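The values are calculated or read from the model by the stated rules, or taken from the named source; none is laboratory data. Owing to the predicted nature of the structure, the values given are computational and were not obtained by experimental measurement. Counting neighbours? That spans all protein chains shown, and the Cβs are built from the backbone with ideal geometry, glycine included. SASA here: full protein model, heavy atoms, side chains in, ligands and nucleic acids out. Shrake-Rupley method; radii C 1.70, N 1.55, O 1.52, S 1.80 Å.
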Number of protein chains: 2
Amino acid sequence: MSLPSGFVGALREALGAPGVSDDPATLEAYAADALGRGHAPDVVVRPADTGQVAAVARLCQQHRVPLVVRGAGTGYTGGAVPVHGGVVLSVERLNRILEIDPVNLTVVVEPAVITGDLQRAVEAQGLFYPPDPASLDSSSIGGNVAECAGGPRAFKYGTTKRYVLALEAVLPTGEIIHTGSKAVKNVVGYDLTQLLVGSEGTLAIVTRITLRLLPFPPARATVLATFADIRSAVNGVTALVQLGVIPAAIELVDGDSLRAVEAHVGRPVAPGANALLIVEADGVPAAVQEEIDRASSALAASGAISIARAATDAEREELWGVRRQLSFALRATGLIKINHDVVVPRGRVPELFEEVERLKAAHGLRIACFGHAGDGNIHVNLMLQPGDTGEMARAKTAERELFTRVVALEGSISGEHGIGFAKAPYLDIELSRDEIALMQRVKQAFDPAGILNPGKIFPS
Amino acid sequence: MSLPSGFVGALREALGAPGVSDDPATLEAYAADALGRGHAPDVVVRPADTGQVAAVARLCQQHRVPLVVRGAGTGYTGGAVPVHGGVVLSVERLNRILEIDPVNLTVVVEPAVITGDLQRAVEAQGLFYPPDPASLDSSSIGGNVAECAGGPRAFKYGTTKRYVLALEAVLPTGEIIHTGSKAVKNVVGYDLTQLLVGSEGTLAIVTRITLRLLPFPPARATVLATFADIRSAVNGVTALVQLGVIPAAIELVDGDSLRAVEAHVGRPVAPGANALLIVEADGVPAAVQEEIDRASSALAASGAISIARAATDAEREELWGVRRQLSFALRATGLIKINHDVVVPRGRVPELFEEVERLKAAHGLRIACFGHAGDGNIHVNLMLQPGDTGEMARAKTAERELFTRVVALEGSISGEHGIGFAKAPYLDIELSRDEIALMQRVKQAFDPAGILNPGKIFPS
C-alpha cells in the first residue's frame with residue numbers, strides 16, 4: 001500500500017527517529033516469520049513504552065493503516081506477516097522482566113522477553129513457568145500469549161492460557177486496557193484475558209503480561225519406551241492415564257521420524273521400533289518414583305519392546321536427545337517440512353495415524369509424525385521435494401483431507417500454531433458460517449476499522 | 001412488562017403446552033435465586049431440547065422480550081433473576097449425562113445436571129471432576145459454567161473454566177453454535193468457550209457442555225492446624241507453597257467464624273485459636289504422604305498451636321466438619337449474612353484481614369471471614385440484624401470501602417460469585433470506563449438487541 005502523506009513523519013514525532021524505520025533492508029527484515037512466506041511492511045516502528053504503542057495505534061486508526069504486531073517472528077502460520085503492508089510494530093524494546101514475586105507466585109513481564117530467559121529467571125528463585133514450546137529459546141512470551149503456545153508439558157500443566165492472570169493491552173482504537181488481576185481468581189465481567197490469549201494479534205496489542213507461576217518441582221525422572229507400532233504406543237498412553245498417573249509429558253515419535261533421526265545421527269536409535277514414547281514425571285521425589293514405576297509397568301504391559309529409565313539430568317538429556325534431534329533431522333533431509341499441529345481426543349490418535357497412512361499411499365507423500373500424544377496433539381509433517389509443483393499440489397489436497405478427517409474425529413485443525421494466514425482457507429472445515437460470523441463481530445468489538453493484523457484467521 | 005399479544009401462544013405452539021407456564025404460582029417460584037431479592041417473570045418456559053431453546057430465542061428476539069436463563073437458582077448475585085420481567089427459560093429438562101468417556105477423560109452433559117451427581121457418576125468410573133463449589137449438591141453444572149464456580153480444590157485444580165472443553169450454545173438471535181472441541185487443545189479462532197464461561201448468561205444459552213476429567217486421585221489426606229492469629233496462619237500457607245507443596249485445598253477460618261461454630265455446636269472446636277487452616281493433599285499414595293509431612297512441618301514452623309492429621313475418610317470428615325458447619329452456624333445466628341467473595345494475591349491476605357478489622361471498628365459491624373486461603377479468595381460475611389436499617393446503611397458504606405481496598409491490593413471484587421445485579425453498582429471500582437465499554441461491545445456482538453439477561457453485570 002502507499003502510506004498517507006505525512007504519516008511516517010507523524011510516527012517519528014511520536015516515537016523519536018530511532019523508533020521508526022522505512023529503509024528497504026529493515027522492511028525486508030520484518031517481512032516474514034517462521035512460515036517462510038512474507039510480505040514487506042511499509043514502515044517498521046519499535047515503541048519504547050505503552051504510551052508510544054497507543055500513539056502508533058491512534059495514528060493507524062486515524063489514517064486507516066494496517067497495524068501488525070511482531071514478537072520474535074517464530075510463528076508457523078504467518079501471524080506476524082503484514083500481508084496488506086502498512087505498519088509492523090515490533091515490541092522488541094519492551095523486553096523487561098518487571099517483577100518476580102515469590103510470595104504470590106507471579107511474574108510480570110513485557111512481551112519481548114524470550115520464554116526460555118523468563119523460565120531461567122524464575123527458576124533461579126525456585127519458581128516454575130511450565131509452558132515449553134519447542135521454540136522456547138527463540139520465541140517471546142508475547143508471541144506465546146498471542147498464539148497460546150503449548151509444548152510437551154501441556155499434558156500435565158496446560159498451555160500458556162492457564163498461566164496468564166492479567167494483561168495490559170492497547171486497543172487498535174488507542175485505549176489502554178487492563179484485564180484480569182494479580183489474584184488467581186477473577187469473575188468480574190467477561191474474561192477478556194482468555195479472549196486475548198490465542199487471538200493472534202488481531203484484537204489488541206499486549207504490552208504487559210502477569211503470569212501465574214508454580215513452585216519448581218523438586219524431582220524429575222524420565223522413561224523411554226519403544227514399540228513395534230503406533231497402536232501399541234497409544235495403548236500404553238491410555239493404560240498409564242487410567243492408572244491414575246499424570247506425567248508431566250507424554251511424547252510420541254513415529255517410525256518415519258525415527259528413521260530420519262537415525263539417518264541424521266548415523267546410528268540406530270530405536271532398532272526394530274516403529275514408535276517411541278517418552279514419559280516424564282515431576283513433583284515431590286516419592287511421587288516421581290511412584291509415577292515412573294507405574295508408568296513403566298503400564299508401558300511394559302502394553303507391549304513395549306524396550307524400556308529405559310533415567311534419573312540423573314545427564315541420563316534424562318540422553319533420552320530426550322531423540323526428540324530434540326527431530327527438527328534438525330527432518331530439516332537435514334533437504335526436504336521442505338510443512339508442519340501441521342492437528343489435535344484429536346487422545347483415544348483417537350490411532351485413527352489419526354490410519355489417516356496419515358492413507359494419505360501417504362493415496363497421494364504418494366512422505367509424512368513424518370511426532371508430538372504430544374498425551375494431548376492427542378500430533379505434528380504431521382509433510383516432507384516435500386523443493387520445486388516439485390506436482391507434489392505440492394498433492395500435498396494441498398492431502399492437507400484438506402487431513403483437516404476434514406481430524407474434525408470428523410472430534411479434533412481441531414490447530415492445537416498450538418494458530419491460523420494466521422496459512423490456515424485461514426481451512427477455517428470453514430472446523431467452524432460454521434454462524435460461528436465465523438460471531439467471531440468477526442467479536443473482532444469488530446475490538447477493532448471496528450479492521451486495521452489490526454488484517455488478513456489473519458478469517459478466510460478472505 | 002406486558003408481553004406482546006400472541007407471544008405466549010407462540011411459545012406454546014413451539015414448545016407444547018407443558019413447556020410454558022404463566023400461572024402466578026409458577027411465576028413466583030422462578031422470581032428469585034439464592035440472593036433472595038427477586039422479580040417475577042411474565043412467563044416461564046422449560047424447553048425439552050436445543051431446538052426448542054432456539055425457538056424461544058427467536059421469538060424473544062423478534063418481539064424484543066427479555067430472556068433470562070435459569071439453572072438451579074443457587075446463585076448469590078441474582079444472575080437468574082428477571083429484573084426486567086419477560087421470559088425465564090429454565091433448563092431443568094436438559095438434565096442428562098450424555099456420555100462418560102474414560103479413554104479420553106471427558107464427559108458430555110446437559111446444563112441441569114447437579115454438579116454433585118455429575119461428580120459421583122464419573123467417580124463410579126474412576127474419574128474425577130475437581131471443581132467443588134460449596135453448593136455442589138444443589139447447583140447445576142450449567143450454573144457453574146455461567147458463573148465459573150470455584151471451591152476449595154481450585155487451589156490445585158483451578159476453577160470450572162479449566163475443565164470446559166466445548167460448548168453447544170444458542171445465541172439470543174437463535175443460531176446454534178459449537179465452541180471448542182473434545183480435544184484438549186484448540187487454538188482455532190477466538191476462544192469463545194472461555195468467553196462464555198463466567199459470562200453469567202448474558203451472551204448465549206448453553207445447552208450442552210463437554211468437560212475434561214482427570215483420573216480419580218488414588219489417595220487423599222488432611223491436616224488441620226490452629227493458630228493464635230490470622231497472620232501466622234497465612235504465613236503457614238506461604239511457607240508450605242514455598243516448600244514446593246501444592247495441596248488440593250488450603251482453607252482458612254477466622255476467629256469470629258470459629259466462635260459462631262462453637263456457639264452453634266455447643267462446645268469448643270478450636271480453643272485458644274483465632275485462625276484455623278485445613279490442608280488437604282491428594283494424588284498417588286507416596287506423594288500424599290510426603291506432601292502432608294511437608295505441610296505439617298511448615299505449619300508447625302509457622303507457629304501452629306495444634307496440628308491434627310487425618311488419613312481415614314471418617315477422620316477426614318471430622319476435620320472438615322468445622323468448615324462444613326460454617327454456613328449453618330452463621331445462619332443459626334439469626335442474622336442476615338451478606339457474603340462477599342473478594343480475592344487478593346495470596347500474600348496480601350493479612351492486609352485484607354486488617355481492612356476487615358478496620359471496617360468492624362469504623363462501622364460497628366459484625367464480620368465473619370473464611371475461605372480459600374491458597375487462592376487469596378476470602379468470603380467476607382457481613383452479619384446484619386434483620387430490620388436494622390441503620391446497620392444496613394453502614395454495611396453499604398463498608399462494602400464500597402472493602403471493594404476499593406481489595407482492588408488497591410491488586411485483587412478483584414469477585415472470585416467466584418460473579419456480578420449479577422447485586423454487584424453491578426460496584427463494577428466501576430475494578431474496571432475503567434474503557435474496559436466496561438469494550439465488554440459492552442462484546443455483549444453486542446452476541447446480543448445486538450440486548451434481550452439476554454438484561455440488567456446484569458453492567459451498571460445501569
Helix B:349-363 versus the longest principal axis of chain B: what angle, 0 to 90°, nearest 10, using Cα atoms? 80 degrees
Apply the Debye scattering formula to region B:127-181, with a single equal point scatterer on each alpha-carbon and no solvent, then give log10 I(q)/I(0) at q = 0.17, 0.27, 0.28 Å⁻¹. -0.60, -1.08, -1.12
From the protein chains alone at 1.4 Å, what is the descending order of accessible area for B:Thr77, A:Thr397, largest first? A:Thr397, B:Thr77
Nearest 10, in degrees from 0 to 90: the angle of helix A:433-446 to the longest Cα principal axis of chain A is 50 degrees
Dividing the mean separation of Cα pairs under 8 Å (6+ apart) by the residue count of chain A yields a relative contact order in percent of 15 percent
Which value, in square angstrom to the nearest 100, describes the accessible area buried between chains B and A on both sides, using a 1.4 angstrom probe? 6700 Å²
Overall form of region B:313-429 per C-alpha gyration tensor (a/c, 1.5; a/b vs b/c): oblate
Among A:Val65, A:Ala29, A:Ala17, which residue has its Cα positioned farthest towards the positive end of the charge dipole of region A:1-76, with +1 placed on the Cβ of Lys and Arg, -1 on the Cβ of Asp and Glu, and the dipole taken about the Cα centre? A:Val65
Picking from A:Gly198, A:Val349, B:Pro345, whose Cα lies most toward the positive end of the charge dipole for the protein assembly as shown (charges on Cβ: Lys, Arg +1; Asp, Glu -1)? A:Gly198
Interface call, region B:280-320: threshold 50 Å², probe 1.4 Å, accessible heavy-atom surface of protein chains, chain by itself vs complex, result B:Val284, B:Glu290
Under the Debye formula (equal points on every Cα, no solvent term), log10 I(q)/I(0) of chain A at q = 0.08, 0.11 Å⁻¹: -0.49, -0.92
Quick one: if the Förster radius is 60 Å, what FRET efficiency do A:Ala228 and A:Asp428 give, using the C-beta to C-beta distance and rounding to 0.05? 0.95
If you take the charge dipole of the protein assembly as shown about its Cα centre, with +1 on Lys and Arg Cβ and -1 on Asp and Glu Cβ, which of B:Ile292, B:Val237, A:Ala314 is farthest toward its positive end? B:Val237
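With every protein chain present, what is the per residue accessible area of region B:341-460 (1.4 Å probe, Å²)?
32 Å²
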Label spacing, shortest first and in nm, from B:Ala300 to its equivalents in the remaining copies (7 angstrom along Cα→Cβ): 3.7
Count of Lys pairs (Cα-Cα under 20 Å; at least 8 positions apart or interchain) in chain A: 12
Each label sits 7 Å from Cα toward the beta-carbon; between A:Asp22 and B:Ala311 the label points are separated, in nm, by 7.6 nm
Surrounding net charge for B:Gly255, when Lys and Arg each add one and Asp and Glu each subtract one, Cβ distance under 13 Å: -1
Just the Cα atoms of region A:237-376: what Rg and Dmax do they give in Å? 15.7, 50
Describe numerically, in nm with one decimal, the distance between label points set 7 Å from Cα along Cα→Cβ at B:Leu98 and at B:Glu357. 5.3 nm
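Please label the shape of region B:138-251 as rounded, prolate or oblate, based on the square roots a ≥ b ≥ c of the eigenvalues of the alpha-carbon gyration tensor (a/c under 1.5 means rounded; beyond that, a/b larger than b/c means prolate, else oblate).
Cα axes put region B:138-251 in the prolate bin.
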Can you list the distances in nanometres, one decimal and ascending, from the B:Gly364 label point to the identical position in each other copy, with the point 7 Å along Cα to Cβ? 9.3
Taking only Cα atoms, what is the 0 to 90° angle, nearest 10, from helix A:389-408's long axis to the longest principal axis of chain A? 80 degrees
With each label point set 7 Å from Cα along the Cα-Cβ vector, what nm distance links A:Ser460 and B:Phe328? 6.7 nm
Considering region B:380-460, what Rg and Dmax in Å follow from its alpha-carbon atoms? 14.9, 44
Relative to a virtual label point 7 Å from the Cα of A:Arg366 in the Cα→beta-carbon direction, which members of region A:245-284 show backbone nitrogen distances below 16 Å? A:254-266
What is the magnitude of the charge dipole of the protein assembly as shown about its Cα centre, with +1 placed on the Cβ of each Lys and Arg, -1 on the Cβ of each Asp and Glu, and no other charges, expressed in debye to the nearest 20? 580 debye
If DNA, RNA and ligands are ignored and the probe is 1.4 Å, what is the ranking of B:Glu290, A:Glu318, A:Glu99 by accessible area, most exposed first? A:Glu318, A:Glu99, B:Glu290
Förster radius 22 Å - calculated FRET efficiency between B:Gln440 and B:His39 (Cβ-Cβ, nearest 0.05): 0.50
Taking the protein assembly as shown, the equivalent ellipsoid from its C-alpha gyration tensor has semi-axes in Å, biggest first, of 43, 34, 29
Can you list the equivalent-ellipsoid semi-axes of region B:179-241, largest first and in whole Å, using the square root of 5 times each Cα gyration tensor eigenvalue? 38, 18, 13
Accessible-area composition of chain B, carbon plus sulfur, in percent [1.4 Å probe]: 52 percent
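Under a point-charge model restricted to the Cβ atoms of Lys and Arg (+1) and Asp and Glu (-1), what is the dipole moment magnitude of region B:237-305 relative to its Cα centre, in debye to the nearest 20? It would help to have the intermediate numbers written out before the result.
On the way: 3 positive and 9 negative charges, 43 e Å.
With Lys and Arg at +1 and Asp and Glu at -1, about 200 debye.
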When N counts the residues of region A:1-114, how does its alpha-carbon radius of gyration compare numerically with 2.2 N^0.38 Å, as a ratio? 1.13
Where the label is 7 Å out from Cα toward Cβ, how close does B:Gly6 come to the same position in every other copy, in nm, shortest first? 5.7
Karplus-derived HN-Hα couplings along region B:68-81 (A = 6.51, B = -1.76, C = 1.60, θ = phi - 60°), whole Hz, x at Gly and Pro: 10, 8, 10, x, 8, x, 9, x, 9, 10, x, x, 9, 8
Charge dipole (debye, nearest 20) of region A:96-147; +1 at Cβ of Lys and Arg, -1 at Cβ of Asp and Glu: 40 debye
